[in-house]
1. Which of the residues belonging to segment 44-73 are touching a Leu at 6+ places or on another chain (Cβ under 8 Å) and more than 21 Å from His131 (Cα to Cα)?
2. Among strands (runs of 3 or more DSSP E) lying entirely in segment 21-140, which contain 1 or more residues that are open to solvent by 70 Å² or more (accessible area, probe 1.4 Å), under 23 Å from Leu11 (Cα atoms) and modelled with pLDDT of 95 or more?
3. Just wondering, is there one or more residues in segment 68-76 that are closer than 21 Å to Ala47 by Cβ and within 10 Å of the chain's Cα centre (by Cα)?
4. Hey, any hits in segment 27-43 for a residue that's over 28 Å from His121 (Cβ atoms) and touching a Leu at 6+ places or on another chain (Cβ under 7 Å)?
Amino acid sequence: MSDERQSFGALDGRGLRAGVVAARFNRAITDALVREALRGFAACGIAEDAVKIVRVPGALEIAAAARALVDAGFAAVACLGCVIQGGTDHYEHVSRLALEGIARLADEARAGIGNGVLTVHDEHQARVRIHKGYEAALVAVEMARLLRDLRR
């Protein structure tokens with residue numbers, strides 16, 4: 001298929017307002033995810049003062065805060081959290097509900113939403129996936145540009 005018929009979002013975040021929503025739960029991991037997301041937004045050319053960081057109690061609250069950022073005009077939002085499996089079913093419910101909320105927002109929002117919520121069995125698995133914060137920022141920027149281009 002020729003490139004003329006395909007649409008791609010650019011990784012050019014210049015002029016965009018971006019947000020990071022991060023859970024406080026499992027803070028050592030989420031702090032590292034935030035640092036990576038900020039690095040990703042910077043790599044896309046988003047000015048540091050154009051990025052707002054919002055902290056929420058846990059993974060279940062991420063989608064609501066991200067929606068508030070979108071409603072406030074933020075074009076790209078990275079959603080970050082870490083749900084580590086424990087000895088009960090709580091892990092499965094929190095993971096599912098958090099990811100469903102973010103997916104629903106991504107489907108409904110007129111903004112780019114990057115999902116960087118880790119669902120892992122232990123802290124080691126989380127630490128080797130810290131780069132997902134960076135990737136969530138890039139996805140948010142790419143989708144923000146793509147959605148804007150498609151609306152034109």
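The values are calculated or read from the model by the stated rules, or taken from the named source; none is laboratory data. Computed from a predicted model, the values in this text were never measured in an experiment. When we count neighbours, we look across all protein chains shown, and the Cβ atoms used for this are built from the backbone with ideal geometry, even at glycine. Surface areas here come from the heavy atoms of the whole protein model, side chains and all, with no ligands, DNA or RNA. Shrake-Rupley method; radii C 1.70, N 1.55, O 1.52, S 1.80 Å.
1. Ala50, Leu60, Arg67, Val70
2. Counting at least 1 such residues, we get 51-56, 112-120.
3. yes
4. No, that holds for no residue.
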